[in-house]
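**Student:** Provided herewith is a single structure, encoded as structure tokens, for subsequent inquiry.
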Amino acid sequence: MTMRPSLTRLAALTAALVLPLAQGAMAAEPLAAIGKGEGALNIVAWEGYAQDDWVKPFEAATGCKVNRKYAGSSDEMVALMRSGGGGQYDLVSASGDATLRLIYGHNVQPINMSLIPAWKDFIPALQGPDFNTVKGVHYGVSYEWGPNVLLYNTAKVSPAPTSWSVLYDPANKGKITVPDNAIQIADAALYLSKTDPSLGITDPYELTQPQMDGVVKLLKTQRPLVRKYWALASDEIDLFRNGDVTMGAAWPYQTNTLQAAKVPVADTLPKEGVTGWADTWMISAKAPHPNCAYEWINYVTTPKVQAQQAIYFGETPANTKACAEMDSQQAGACKQYHADAPASYFDQIHFWKTPLKACGNGKDDCLDYGAWQRAWQQVKG
């Protein structure tokens, strides 16, 4: 999924964040049984993933006090999970562009799925996806998912946009905001895959150097149009609330928050298609509170909490039984957030994944995530 602090300070960490695939994923023994809670739980999460509405009942029921650290990007999540030798945090709500980095970096531990009862009720595609399951070993539990949308001010943008082209239009100079992270390259790549077929882009996460050059060229033309690159979701919310921008790349969470504050905004899925996130709760390889971590995963994968999270953030739960619970909490929410959608809806979203040198066509000439990070810094100058 977060999605989702300024990230410029993370540029120096590029080398540490590159995926060390050559090492392979090591499968240490997962927890055999959930024991007594340790009284605390330290999590790294997307903003909006640990609200008091469901955190407080969890703390009361388990005695595990939740200490939250919101991250603004997947890069920051990886950096935080590796900081201090990796033993500072217990859990992270990692998106698909971070999960393999954490797995192959040996930063997270295998999950004993027999200790996660709700797992059997997950959407089949999220029970063992390749972004959190390696060679049959589960390194995380899927959580929620959703699209990256085009957000716009309905009072100032007319007609309603139907294409990502508005984010590259010089007429909108100073009115635009987009996320400040390297995976944003995929949004531009997806747009170019439809508008410039000569580049031959078939997967927005599998780019050769010539294709990346084309994407960087487009993003450099966008750079002077951007009022501000946002890091936290709240940054973008403030930009729209204050009238500093009129359109931008966003998550449904920003739309929901702004609409609740009576700011005239709407979002859309542009005709070129969308990227998206599918988030995973992963336990640190050196988690100081593993029992509380398992308690948390079990709690947030129940239909009730999945529904609360989905409605609050504007995303879709992994647990199929959350649909009825969503409607009981907010009439029509199940359909509104596509919790009852067929598999074809899930399949049409280009979900974040870690860029690798190995291309899907069998060749080995794609650019890895380290190259993506360097390209993003090149775009921003």
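**Student:** Please arrange 221, 208 by accessible surface area, largest first, computed with a 1.4 Å probe and ligands excluded.
**Tutor:** The residues order as 221, 208, largest area first.
**Student:** Additional query: If eta is 1.567 mPa s and T is 4 °C, what Stokes-Einstein diffusion coefficient results for segment 259-308, Kirkwood Rh from Cα pairs, in µm²/s?
**Tutor:** Calculated translational D: 88 µm²/s.
**Student:** Hey, got the dipole for the chain? About the Cα centre, +1 on K and R Cβ, -1 on D and E Cβ, debye to the nearest 20?
**Tutor:** I would put it at about 680 debye.
**Student:** Please compute the alpha carbon radius of gyration of segment 60-162, then divide it by the globular-protein estimate 2.2 N^0.38 Å. Two decimals is fine.
**Tutor:** Taking the Cα Rg and dividing by 2.2 N^0.38 Å, one obtains 1.37.
**Student:** While we're on this one: How far, in nm, would the chain grow between residue 195 and residue 125 when pulled straight, counting 0.36 nm per residue and subtracting the alpha carbon separation?
**Tutor:** Here the segment from residue 195 to residue 125 would lengthen by 22.2 nm.
**Student:** Report D for segment 212-305 in µm² per second (integer): Stokes-Einstein, Kirkwood Rh on Cα pairs, 4 °C, 1.567 mPa s.
**Tutor:** 77 µm²/s
**Student:** With +1 on each Lys and Arg Cβ and -1 on each Asp and Glu Cβ, and nothing else charged, work out how big the dipole of segment 319-380 is about its Cα centre, in Debye to the nearest 20.
**Tutor:** In debye, rounded to 20, segment 319-380 gives about 280.
**Student:** If 111, 34 are ordered by their accessible area, calculated over protein heavy atoms with a 1.4 Å probe, which sequence runs from highest to lowest?
**Tutor:** 34, 111
**Student:** By how many nm would the segment from residue 340 to residue 374 grow when fully extended, if each residue of separation counts as 0.36 nm and the alpha-carbon distance is taken off?
**Tutor:** Taking residue 340 through residue 374 to full extension adds about 8.3 nm, to one decimal.
**Student:** Residue 47 accessible area, nearest 10 Å², 1.4 Å probe?
**Tutor:** About 30 Å², ignoring ligands and nucleic acids.
**Student:** Could you pull out the pairs from 65/228; 271/335; 262/335 whose alpha carbons sit more than 27 Å apart here?
**Tutor:** Beyond 27 Å between Cα atoms: 65/228.
**Student:** Add -39500 (n - 2.57) for each DSSP H run of 4 or more in the chain, then divide by its residues: what number comes out at 222 nm, to the nearest 500 deg cm²/dmol?
**Tutor:** -9000 deg cm²/dmol
**Student:** Using Stokes-Einstein with the Kirkwood hydrodynamic radius over Cα pairs, what translational diffusion coefficient do you get for segment 67-115 at 37 °C and a viscosity of 0.692 mPa s, in µm²/s rounded to a whole number?
**Tutor:** In µm²/s, the coefficient is 288.
**Student:** I would also like to ask the following. Need one number: % antiparallel among DSSP beta bridges in segment 35-140, to the nearest 5.
**Tutor:** Of all bridge pairs located within segment 35-140, approximately 20 percent are antiparallel.
**Student:** On a straight-distance basis, which aspartates and glutamates could pair with residue 363 in a cross-link, Cα separation under 14 angstrom, same-chain partners fewer than 8 positions away excluded?
**Tutor:** Straight-line reach from residue 363, under 14 Å: 203, 206.
**Student:** Based solely on C-alpha atoms, express the radius of gyration and the Dmax of the chain in angstrom.
**Tutor:** 19.9, 60
**Student:** I would also like to ask the following. What order do you get for 269-276, 301-308, 95-102 when each peptide is scored by the mean count of other beta carbon atoms within 10 Å, highest first?
**Tutor:** Order by mean packing, descending: 95-102, 301-308, 269-276.
**Student:** Hey, another quick one. So who's got an amide H within less than 5 Å of the one on residue 354, skipping anything under 5 residues away but keeping other chains? H placed 1.01 Å off N, in plane.
**Tutor:** Close amide H contacts, sequence-distant or interchain: 100.
**Student:** Of all trypsin sites (Lys or Arg not before Pro) in segment 336-378, which ones are in loop regions per DSSP and have a Cβ with at most 13 other Cβ atoms within 10 Å?
**Tutor:** Hits after loop and neighbour filter: 363.
**Student:** Based on the alpha-carbon gyration tensor of segment 137-240 and its eigenvalue square roots a ≥ b ≥ c, which shape applies: rounded if a/c is under 1.5, prolate if not and a/b is larger than b/c, or oblate?
**Tutor:** oblate
**Student:** At residue 357 and residue 266, where each label point lies 7 Å from the Cα along Cα→Cβ, what is the point-to-point distance in nanometres?
**Tutor:** Going by the 7 Å Cα→Cβ label model, 4.8 nm.
**Student:** Also, quick follow-up: For an R0 of 56 angstrom, estimate the FRET efficiency from the Cβ-Cβ distance between residue 242 and residue 114 and round to the nearest 0.05.
**Tutor:** 0.70
**Student:** Quick one: dipole size for segment 56-95, taken about the Cα centre, charges +1 on Lys/Arg Cβ and -1 on Asp/Glu Cβ, in debye to the nearest 20.
**Tutor:** The dipole of segment 56-95 has a size of about 140 debye.
**Student:** Would you calculate the separation in nanometres between label points at residue 60 and residue 83, each defined as 7 Å from the Cα along the Cα-to-beta-carbon direction?
**Tutor:** Inter-label distance under the simple model: 3.2 nm.
**Student:** Starting from the coordinates of the alpha-carbon atoms of segment 34-114, obtain the Kirkwood hydrodynamic radius over all distinct pairs and give the value in Å to one decimal.
**Tutor:** 13.6 Å
**Student:** 7 Å from Cα along Cα→Cβ at both residue 158 and residue 331: what's the point-to-point distance in nm?
**Tutor:** Between residue 158 and residue 331, the simple spin-label model gives 3.1 nm.
The values are calculated or read from the model by the stated rules, or taken from the named source; none is laboratory data. Worth saying up front: this structure is predicted, and the values here are computed from it rather than measured. With ideal geometry, Cβ positions are generated from the backbone for all residues, glycine too; neighbour counts draw on all protein chains shown. Heavy atoms of the whole protein, side chains included, go into the accessibility calculation; ligands, DNA and RNA do not. Shrake-Rupley method; radii C 1.70, N 1.55, O 1.52, S 1.80 Å.
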